[in-house]
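Asker: Below: one structure in structure tokens.
Read-outs throughout are calculated quantities, based only on the coordinates presented, and are distinct from any laboratory measurement. All values derive from a computational prediction rather than experimental measurement. Note: ideal-geometry Cβ built from the backbone for every residue, glycine included; neighbour counts use all protein chains shown.
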Amino acid sequence: MNTTDLTPLTSDPTPEYYEKQAAALADSCRSIHTDSLKLIREYHPDPEKITLLNRPDTNFGLDDARAVVAREHGFEDWPAFLQHISDVRDISSPVSRFERAADAVVQGDTGTLKSLLAANPALVHGRSARGHKATLLHYTGANGVENFRQLTPANALEVADILLSAGAEPDALADTYGNKWGTTLDLLVSSSHPAQAGVQTALAEKLLDYGAAVNGVRNDGAPLLTAIYFYYPDSAEVLVKRGARVDNVVTAAAMGETAQLAGYLDDTGKLRSDAPLVQVEWLKIAPTPEANLALAFVWAAMLNRVETVRYLLEKGVSPASKDHRDWTALHWAGYLAHLEMADMLIAHKAPLEARNEFGGTVLDQTLWGTAHEGLRPHHLEVVQKLVDAGAKIHTWWLLTDLHPPLHESVARILQEKV
């Protein structure tokens, strides 16, 4: 069930209002209505069974519409949604208190949060009525919960301290992302909001100070792998400093532990039979030495571990190696503007036209990054090196109506080559 892309309730929610919404949705499915189709596909619990849409004899009825409306707001079914509406309207109910406390957490309203906790000490252990069942502490991770509450206030560290000192469980699990990432630490080190607010590493330290499991609740190293996977190298460094194990070929390469990595390889550049492989359920790679070594190489490039990548190239690892998402090392070097890394990979004939999970070549992914996320230092030099090396320039990048448009300095490099 989707726990993040949710719609907030109205300021004065009533069952009658949402019953009308459900009826309107059911009616819309008897005629052509594109928005209704999108809504059903995203929120219906079994969308494949709704085979007759946009026609008078649709098999989408009022109960289906009610289910969609309920799940659009984060609830498993219509009765649970109606119960939530009733509870929210009762300001003395635990649900109403939790909702107000959740708002206080994400808004940084420490006065209201302290007042609610003082009057209701058990609230710190309470759970959201929505499908993710998050605690208040989970909301400080700004991830996995309803998107309209994925916010990181400037005083997020103070908010977290209030909750933790009141007894919040640092390793409580929420039902987020199919249980791939369920603790506050997991959600935190994969979230852009606290990173952009400049508090991600400090919040991680705060959770660890209060006993969060640095190697994850399953003792599988998940927090460190999560920080690496989502490219938060500063948080990865903090986790290692605080005791996260670097105990397999992938994390050793990603953290630039070249000497440790060398101990895992034999004289031919292959992984030894006893070399430890990465083992977390959510990282979908083949449990083979070959897949682990390829991922190690690509992630070392992603985190700009120049000496580690140079060592692996000298040991015979292919510069065309791909990770489980079909990204090559050069895809990452270009996208993240790792100039020295890109130069080295190009010199070793890393493929320019390899395509990643999005169908993008190295230059495509690099240009996309400049347009959608802004120019990083050295991006212009990297783009120049790629086109000088012969990277194919797809003409759509030079369209006048490209949205968002390329920076004029990037477009100028391309125009000089076509």
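Asker: Determine the shape class of the stretch 269-418: with a ≥ b ≥ c the square roots of the Cα gyration tensor eigenvalues, call it rounded for a/c under 1.5, and otherwise prolate if a/b is greater than b/c, oblate otherwise.
Answerer: Prolate is the answer for the stretch 269-418, as a/c is 1.5 or above and a/b outweighs b/c.
Asker: Here is a further query. Order of Leu303, Leu283 from fewest to most other C-beta atoms within 10 Å?
Answerer: Leu283, Leu303
Asker: Of Thr400, Asn219, Leu345, whose Cα points farthest to the positive end of the dipole of the chain (charges on the beta-carbon: +1 Lys, Arg; -1 Asp, Glu; origin at the Cα centre)?
Answerer: My answer, from the dipole projection, is Leu345.
Asker: Can you tell me the length gained on complete extension of the stretch Asp103 to Thr268, counting 0.36 nm per residue apart and subtracting the Cα distance?
Answerer: 53.7 nm
Asker: Same structure again: Can you compute the charge dipole magnitude of the chain about its Cα centre, using +1 on each Lys and Arg Cβ and -1 on each Asp and Glu Cβ, nothing else charged? Give it in debye, rounded to the nearest 20.
Answerer: Rounded to the nearest 20 debye, it is 360 debye.
Asker: Residue by residue through the stretch 4-13, which ³J(HN,Hα) values in whole Hz follow from phi under the Karplus form 6.51 cos²θ - 1.76 cosθ + 1.60 (θ = phi - 60°), with glycine and proline marked x?
Answerer: Computed from phi, the couplings for the stretch 4-13 are 10, 7, 10, 9, x, 6, 5, 5, 9, x Hz.
Asker: Calculate one ³J(HN,Hα) per residue across the stretch 306-313 by plugging θ = phi - 60° into the Karplus curve 6.51 cos²θ - 1.76 cosθ + 1.60, and present them in order as whole Hz with x for glycine and proline.
Answerer: So the Karplus estimates, Gly and Pro as x, are 4, 5, 5, 5, 4, 4, 5, 4 Hz.
Asker: What FRET efficiency would be calculated for the residue pair Asp343, Leu37, taking the C-beta separation as r and a Förster radius of 41 Å, to the nearest 0.05?
Answerer: Step by step, r from the Cβ atoms, then E = 0.30.
Asker: Further question on the same structure: Are there trypsin sites (Lys or Arg not before Pro) in the stretch 249-330 that DSSP puts in a loop and that have at most 10 other Cβ atoms within 10 Å, and which ones?
Answerer: Lys284
Asker: Further, regarding this structure: Quick check on the stretch 352-418: take the gyration tensor over C-alpha atoms, sort the square-rooted eigenvalues as a ≥ b ≥ c, and tell me if it's rounded (a/c under 1.5), prolate or oblate.
Answerer: Cα axes put the stretch 352-418 in the rounded bin.
Asker: Would you work out which of Tyr335, Leu386, Pro194 lies farthest towards the positive end of the dipole of the chain, given +1 charges on the beta-carbon of Lys and Arg and -1 on that of Asp and Glu, about the Cα centre?
Answerer: Checking the options against the dipole of the chain, the answer is Leu386.
Asker: Helix 94-107: angle to the longest alpha-carbon principal axis of the chain, degrees 0 to 90, nearest 10?
Answerer: For 94-107 against the chain, the angle is about 40 degrees.
Asker: Okay, next question. Residue separation times 0.36 nm, minus the C-alpha to C-alpha distance between Glu307 and Thr288: what's the value?
Answerer: 4.4 nm is the gain from fully extending Glu307 to Thr288.
Asker: For the pair Thr395/Asn120, report the inter-label distance in nm, with labels modelled 7 Å from Cα in the Cβ direction.
Answerer: Simple spin-label model gives 6.2 nm for this pair.
Asker: For the chain, what does the helix formula give at 222 nm: sum of -39500 (n - 2.57) over DSSP H segments with n ≥ 4, over the residue count, nearest 500 deg cm²/dmol?
Answerer: It lands at -13500 deg cm²/dmol.
Asker: Considering all alpha-carbon pairs of the chain, what whole percent are spaced by more than 36 angstrom?
Answerer: 41 percent
Asker: Let me know the charge dipole size of the stretch 246-324 about its Cα centre in debye, to the nearest 20, where only the beta-carbon of Lys, Arg (+1) and Asp, Glu (-1) is charged.
Answerer: Charge dipole, the stretch 246-324, about its Cα centre: 200 debye, nearest 20.
Asker: Whole angstrom only: what separates the Cα centroid of the stretch 376-418 from the Cα centroid of the stretch 251-266?
Answerer: The stretch 376-418 and the stretch 251-266 have Cα centres spaced 35 Å from each other.
Asker: Rounded, prolate or oblate: which fits the stretch 315-389 when a ≥ b ≥ c are the square roots of the eigenvalues of the alpha-carbon gyration tensor, with rounded for a/c under 1.5 and prolate only if a/b beats b/c?
Answerer: Judged from the Cα gyration tensor, the stretch 315-389 comes out oblate (a/c at least 1.5, b/c at or above a/b).
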